[in-house]
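Here is the structure we will look at.
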Amino acid sequence: MLKQAASIKRKNNATLAGLGAVLLWASVVALVRGVSESLGATGGAAMIYTVASVLLLFSIGFPDLSRFPKNYLLWGGLLFVSYEVCLSLSIGYASNARQAIEVAMVNYLWPSLTLVAAIVFNKQRANLLVVPGVLLSMLGICRVLGGDQGLDPAGMLRNVADNPLSYGLALFGALIWAGYCTVTARIADGKNGVTPFFMLVAAVLWIKFAIEGGGGMTFSLRAVVYLVLAASALGFGYAAWNTGIMHGNVTVIVGASYFTPVLAAALAAALLHAPLSAEFWQGASMVCGGSILCWLATRGRRRDETGPVPVAKEAEGNCHG
């Protein structure tokens with residue numbers, strides 16, 4: 001009985017850790033934006049991934065790369081670095097806080113895109129719910145980008161044209177991450193390269209920062225606090241997620257992860273003082289609903305941990321929202 005009670009307690013604690021990871025990742029949009037406002041888009045992102053790399057070294061450690069599949073190190077590393085650079089810079093390059101939140105919502109197309117890629121390239125079996133799931137996610141993004149007018153194609157195009165670089169990076173990042181999850185699910189062989197990959201992201205961003213000629217970084221108490229929080233959210237989020245997925249209630253954790261877009265928008269709106277319209281929340285809810293439908297399309301055909309967020313995590317713990 002004591003052994004069983006201890007086992008239940010460990011599982012509950014691991015589940016709480018997994019739920020904590022969802023909250024940590026939901027805070028990333030606001031925190032990255034907060035850092036970029038003081039330290040710049042490139043410099044701020046470079047600082048975040050540098051500090052996060054240090055945290056990962058202590059929480060997860062540095063793996064023995066000689067045991068890793070070479071294809072995973074090459075292609076997984078390339079796609080991981082490309083995605084993280086696209087994501088951080090798309091938020092940093094946004095013209096204002098509201099636009100940063102919209103850009104982040106575009107990034108949340110990746111769960112639906114991941115399932116489509118898994119069906120096409122990995123022969124993932126799914127029922128017809130995948131069609132309305134993907135369409136609902138797409139319509140949700142269109143509603144978000146339409147501004148206060150909702151589903152307004154002309155308004156959406158004007159909005160995107162205001163800052164095509166940010167929106168383009170976010171969309172490109174979503175496509176890259178869908179590819180990453182699809183590829184690593186096949187070639188990772190259960191390995192977790194998050195620590196060296198984070199270090200590579202930091203290196204790439206510092207190189208970009210140097211090529212651009214550096215730039216002013218205004219360090220203040222607010223900037224330092226946001227920097228530590230952003231790095232912690234990214235670094236500890238991975239560690240907490242791995243614990244939750246490996247030892248906790250996967251169904252509960254995955255179910256909570258589908259609400260990351262709404263949580264991220266709510267936290268960003270509060271921390272960045274960016275009020276959002278009812279149309280935005282409707283669009284964000286549609287994105288969540290589309291991801292859930294995509295997940296339901298695979299239910300009964302794969303293990304419980306199936307879902308847009310853990311597609312690659314069940315292989316090596318790297319996908320996030």
Mind checking which pairs have a first residue in the range 31-48 that is touching a residue at least 24 places away in the same chain (Cβ under 8 Å) and a second that is acidic (Asp, Glu), Cβ under 7 Å, 6 or more apart or different chains?
Thr42/Glu212
Residue pairs qualifying under the 8 Å Cβ cut-off, at least six apart or on distinct chains, with the first in the range 271-285 being of a type in the set (Asp, Glu) and the second being surrounded by 14 or more Cβ atoms within 10 Å (Cβ to Cβ), are Glu279/Arg143; Glu279/Val144; Glu279/Gly146; Glu279/Gly147; Glu279/Gln149; Glu279/Gly150
Testing Gln99 on (1) buried (at least 18 other Cβ atoms within 10 Å of the Cβ); (2) outside any helix (DSSP H, G or I), one condition comes back false. Which one is that?
(2)
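The rows are residues; the columns are (1) surrounded by 22 or more Cβ atoms within 10 Å (Cβ to Cβ); (2) at pLDDT 75 or above; (3) not in a loop (DSSP other than H, G, I, E, B).
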site	(1), (2), (3)
Ala94	yes, yes, no
Val103	yes, yes, yes
Leu113	yes, yes, yes
Gln124	no, no, no
Leu128	no, yes, no
Met138	no, yes, yes
Val144	yes, yes, yes
Leu151	no, no, no
Met156	no, no, yes
Determine whether Leu55 is crowded, with 16+ Cβ neighbours inside 10 Å and modelled with pLDDT under 85.
no
Just to verify a result, which residue in the range 41-85, among those that are among the polar types (S, T, N, Q) and farther than 17 Å from Tyr226 by Cβ, is nearest to the chain's Cα centre (by Cα)?
Ser82
If you go through Val144, Val204, Val160, the only one that is within 17 Å of Ser90 (Cα to Cα) and free of Cβ contacts under 8 Å to residues at least 60 places away in the same chain is Val160
Please enumerate the residues belonging to the range 171-221 that are polar (S, T, N, Q), buried (at least 18 other Cβ atoms within 10 Å of the Cβ) and in a loop (DSSP other than H, G, I, E, B).
Asn192
Would you confirm whether or not the range 60-70 contains a residue that is touching a residue at least 24 places away in the same chain (Cβ under 8 Å), surrounded by fewer than 17 Cβ atoms within 10 Å (Cβ to Cβ) and part of a helix (DSSP H, G or I)?
yes
Does any residue of the range 258-280 turn out to be under 26 Å from Ser137 (Cα atoms), under 21 Å from the mean Cα position of the chain (by Cα), surrounded by fewer than 17 Cβ atoms within 10 Å (Cβ to Cβ) and of a type outside the set (Gly, Ala, Ser)?
no
Being in a helix (DSSP H, G or I), within 9 Å of Gly18 (Cα to Cα) and modelled with pLDDT of 80 or more narrows it down to one of Ala284, Ala240, so name that one.
Ala240
Please determine whether any residue of the range 11-30 is under 22 Å from the mean Cα position of the chain (by Cα), modelled with pLDDT of 90 or more, outside any helix (DSSP H, G or I) and surrounded by 15 or more Cβ atoms within 10 Å (Cβ to Cβ).
yes
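The values are calculated or read from the model by the stated rules, or taken from the named source; none is laboratory data. None of the values given here were measured: they were computed from a predicted structure. Note that we place each Cβ from the backbone using ideal geometry, even for glycine, and neighbour counts take in every protein chain shown.
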